[in-house]
Amino acid sequence: MKIAVAIKQVPLRDSPLRVNAAGTWIDEDNLSFEINEPDAYALEEALQLREKHGGEVIVISVGPARVSQTIREALAKGADRGIHIDVATLDTLHVANLLAAALRPEAPDLVLTGLQSDDYGFAQTGVVLSELLGWPHATIIMQIEKKDGGIRVKRELESGYFQFVEMPLPALLTIQSGINKLRYATLIGIKQAKNKPLRKVTFAEIQSALGPNLQQIQRLYIPQKTKKTEMLEGTSAEVAKKLVEKLRNEVRVL
């Protein structure tokens, strides 16, 4: 099987996050970055499928120059080669279009992505990518089993329920965190990663696939923490009535 895994680089979870001067995103100066955790589970699942059935694992990511380091980390864990689309972060549709343009010539049997990203958390890129490729897709995947002519997957639903779906290949799956146990890169893997192919796709190569962003962050801010004390006066019955009204109409917990 040829499996492609779309990964994203996100700020390290323990990093101190501050809003930038423009108020449009976090200040990325002096931040450390890592692979998006759900994408790490997608990568691990791809590696396990390759170990069972043979084939190749390709990691692909969109982002600035620093993203190549995260791709190298994926190569150190066992991926065979990488593709870096060297473009600043764009909206979901742009990212999906770029991924689709790079993946079509590769003709993978299966594309895996994490369920959602740890920064935006939209959970959109995978399903939009499947639509652009014209492939069947399934989300919140907890298990993948290869069958003759396709795959059988286990989806997590609400309230502890699961759904089993059989799908033809090629297909796209978004992987739920916890589907497997993540591996660490070995010293040998880190050394080998330096020599594994990492193709960089430049802006000039994909410029035709780009247009104006359809989504923009207008304002990002930390919620104001306020404290207000209000004294309710009257008899016990009157105070109780006023309290119920406030809980129902202002706090909205009743």
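The values are calculated or read from the model by the stated rules, or taken from the named source; none is laboratory data. Everything quoted here is computed from the prediction, not taken from an experiment. In this analysis, Cβ positions are derived from the backbone assuming ideal geometry, glycine residues included, and neighbour counts consider all displayed protein chains.
Run down 145, 158 and say which single residue is farther than 23 Å from residue 55 by Cβ, among the acidic types (Asp, Glu) and loosely packed, with under 14 Cβ neighbours inside 10 Å. Don't jump to the end; show me each part of the working.
Numbers: 145 fails: farther than 23 Å from residue 55 by Cβ.
Residue meeting the stated conditions: 158.
Which of the residues belonging to region 35-59 are among the aliphatic types (A, V, I, L, M) and either in contact with a helix residue (DSSP H, G or I) (Cβ under 6 Å, 6 or more places away or on another chain) or over 13 Å from residue 83 (Cβ atoms) (or both)?
Narrowing region 35-59 to residues among the aliphatic types (A, V, I, L, M): 35, 40, 42-43, 46-47, 49, 57-59.
Once the filter is applied, which keeps residues that are among the aliphatic types (A, V, I, L, M) and either in contact with a helix residue (DSSP H, G or I) (Cβ under 6 Å, 6 or more places away or on another chain) or over 13 Å from residue 83 (Cβ atoms) (or both), region 35-59 yields 35, 40, 42, 43, 46, 47, 49, 57, 59.
For residues that are more than 21 Å from residue 38 (Cα to Cα) and touching a strand residue (DSSP E or B) at 6+ places or on another chain (Cβ under 7 Å), tally how many sit in region 167-192.
4
Tell me which residues, restricted to region 34-61, are among the small types (Gly, Ala, Ser) and buried (at least 24 other Cβ atoms within 10 Å of the Cβ).
Once the filter is applied, which keeps residues that are among the small types (Gly, Ala, Ser) and buried (at least 24 other Cβ atoms within 10 Å of the Cβ), region 34-61 yields 42, 46, 61.
Which fully enclosed helices (runs of 4 or more DSSP H) of region 1-117 have 2 or more residues being farther than 24 Å from residue 205 by Cβ?
Details: elements: 37-53, 67-77, 92-103.
Fully inside region 1-117 and qualifying: 37-53, 67-77.
Can you work out which of the residues in region 70-91 that are at pLDDT below 95 and surrounded by fewer than 20 Cβ atoms within 10 Å (Cβ to Cβ) is nearest to residue 141 (Cα to Cα)?
Step one: filter region 70-91 for residues at pLDDT below 95, giving 85-91.
Restricting the remaining residues to those that are surrounded by fewer than 20 Cβ atoms within 10 Å (Cβ to Cβ) gives 86, 88-91.
Values: 86: 29, 88: 29, 89: 26, 90: 26, 91: 24 Å.
Checked region 70-91; the qualifying residue nearest to residue 141 (Cα to Cα) is 91.
Restricted to region 187-231, and to residues that are aliphatic (A, V, I, L, M) and under 25 Å from residue 251 (Cα atoms), which residue is surrounded by the most Cβ atoms within 10 Å (Cβ to Cβ)? Step through it out loud before you land on a result.
Within region 187-231, the subset aliphatic (A, V, I, L, M) is 187-188, 190, 193, 198, 201, 204, 206, 209-210, 214, 217, 220, 222, 231.
After this cut, where a residue has to be under 25 Å from residue 251 (Cα atoms) as well, the list is 220, 222, 231.
Working: 220: 12, 222: 8, 231: 5.
The selected residue is 220.
Would you pick out the residues in region 63-91 that are under 15 Å from the mean Cα position of the chain (by Cα) and farther than 12 Å from residue 199 by Cα?
Our first condition is that a residue be under 15 Å from the mean Cα position of the chain (by Cα); within region 63-91, this holds for 63, 67, 70-71, 74, 89-91.
Result: 63, 67, 70, 74, 89, 90, 91.
Over 28 Å from residue 88 (Cα atoms), at pLDDT below 95, within 24 Å of the chain's Cα centre (by Cα) and not aromatic (Phe, Trp, Tyr), is that true of residue 211? Spell out how you get there, then give the answer.
Values: over 28 Å from residue 88 (Cα atoms): no; at pLDDT below 95: yes; within 24 Å of the chain's Cα centre (by Cα): yes; not aromatic (Phe, Trp, Tyr): yes.
So residue 211 fails the test.
Looking only at region 51-90, which residues are basic (Lys, Arg) and touching a strand residue (DSSP E or B) at 6+ places or on another chain (Cβ under 6 Å)?
Start the filter on region 51-90 by keeping residues that are basic (Lys, Arg), which leaves 52, 66, 72, 77, 81.
The one that is basic (Lys, Arg) and touching a strand residue (DSSP E or B) at 6+ places or on another chain (Cβ under 6 Å): 81.
Can you say whether residue 204 is more than 25 Å from residue 43 (Cα to Cα), in contact with a helix residue (DSSP H, G or I) (Cβ under 7 Å, 6 or more places away or on another chain) and modelled with pLDDT under 90, as far as the supplied structure shows? Quick ask: steps written out before the conclusion?
Values: more than 25 Å from residue 43 (Cα to Cα): yes; in contact with a helix residue (DSSP H, G or I) (Cβ under 7 Å, 6 or more places away or on another chain): no; modelled with pLDDT under 90: yes.
No; evaluated as a whole, the condition is false for this residue.
How do the pairs read when you match residues in region 156-171 that are over 13 Å from residue 141 (Cα atoms) with residues anywhere that are exposed (fewer than 11 other Cβ atoms within 10 Å of the Cβ), using Cβ under 9 Å and keeping only pairs 6 or more apart or on different chains?
168/149; 169/149; 170/107
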